[in-house]
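Derivation of every value follows stated rules applied to the coordinates shown; laboratory data play no part. A quick note: this is a predicted structure, and the numbers were derived from the prediction, not measured. All Cβ positions, glycine included, derive from the backbone under ideal geometry; neighbour counts span all protein chains shown.
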Amino acid sequence: MADMDIYDVLKKLPQRYPLLLVDRILECEPGKRILALKNVSANEPYFQGHFPGRPIMPGVLILESMAQAACVLAIRTLGDEVDPNIVYYYAGVDNARFKRPVVPGDRLEVEAALVARKRGLWKFACTARVDGHVTTEAEVLCTSRPLEKTGA
């Protein structure tokens, strides 16, 4: 399955509004790369304060979109089954560069390519683009951990 709509994405990622930052998967080659789409809407909650009169998508949210796309790639690489007892976390972000702003109305395309996988640590080379122009580049490190049981 190369193309995944929002309903398929919701089956893979635990994030929900307002922190779900992947709307669709356009392409996916398990073990290699993924291309995801985030439609940047004017009514995103962060635009009210970032910045009034000149809304710009916060860079940290672009990085989060990269991590979410990378997570879907990891899940697809592992066989497509989501384990509800496992959660994926950031382990690091290296060489992040912000080259141009992302604004309401943009279609943010996020590509994550698997660079390495070793002992539960995944490394991805990520690039975000709008209309073919690079907006952000970063290396994203992710890991997975079992959910800790909480007493109730």
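Of all residues in segment 11-67, how many are among the hydroxyl-bearing types (S, T, Y), in a loop (DSSP other than H, G, I, E, B) and surrounded by 11 or more Cβ atoms within 10 Å (Cβ to Cβ)? Working first, answer last.
First, pick out the residues of segment 11-67 that are among the hydroxyl-bearing types (S, T, Y): 17, 41, 46, 65.
Okay, now just the ones that are also in a loop (DSSP other than H, G, I, E, B), so 17, 41.
Applying the additional criterion that residues be surrounded by 11 or more Cβ atoms within 10 Å (Cβ to Cβ) yields 41.
Result for segment 11-67: 1.
Here is a yes/no grid of residues against (1) within 16 Å of L61 (Cβ to Cβ); (2) touching a residue at least 24 places away in the same chain (Cβ under 8 Å); (3) surrounded by 13 or more Cβ atoms within 10 Å (Cβ to Cβ):
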| residue | (1), (2), (3) |
| --- | --- |
| R76 | no, yes, yes |
| E81 | no, no, no |
| V87 | no, yes, yes |
| P101 | yes, yes, yes |
| E109 | yes, yes, yes |
| K123 | no, no, yes |
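Considering only segment 2-10, I want to know if a residue exists there that is buried (at least 17 other Cβ atoms within 10 Å of the Cβ), assigned to a loop (DSSP other than H, G, I, E, B) and not small (G, A, S).
Initial filter on segment 2-10 (buried (at least 17 other Cβ atoms within 10 Å of the Cβ)): 4, 9.
Filter once more, keeping what is assigned to a loop (DSSP other than H, G, I, E, B): none.
No, every residue in segment 2-10 fails to be buried (at least 17 other Cβ atoms within 10 Å of the Cβ), assigned to a loop (DSSP other than H, G, I, E, B) and not small (G, A, S).
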Open item on the list: With the condition being of a type in the set (K, R), I'd like the strands (runs of 3 or more DSSP E) fully within segment 74-152 carrying at least 2 qualifying residues.
Closed with: 107-118, 121-130
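Which of the following residues is among the hydrophobic types (A, V, I, L, M, F, W, C), surrounded by 12 or more Cβ atoms within 10 Å (Cβ to Cβ) and over 23 Å from N39 (Cβ atoms): V115, V140, V130, V134? So that I can check it myself, show each step before the final result.
Numbers: V140 fails: over 23 Å from N39 (Cβ atoms); V130 fails: over 23 Å from N39 (Cβ atoms); V134 fails: over 23 Å from N39 (Cβ atoms).
The match here is V115.
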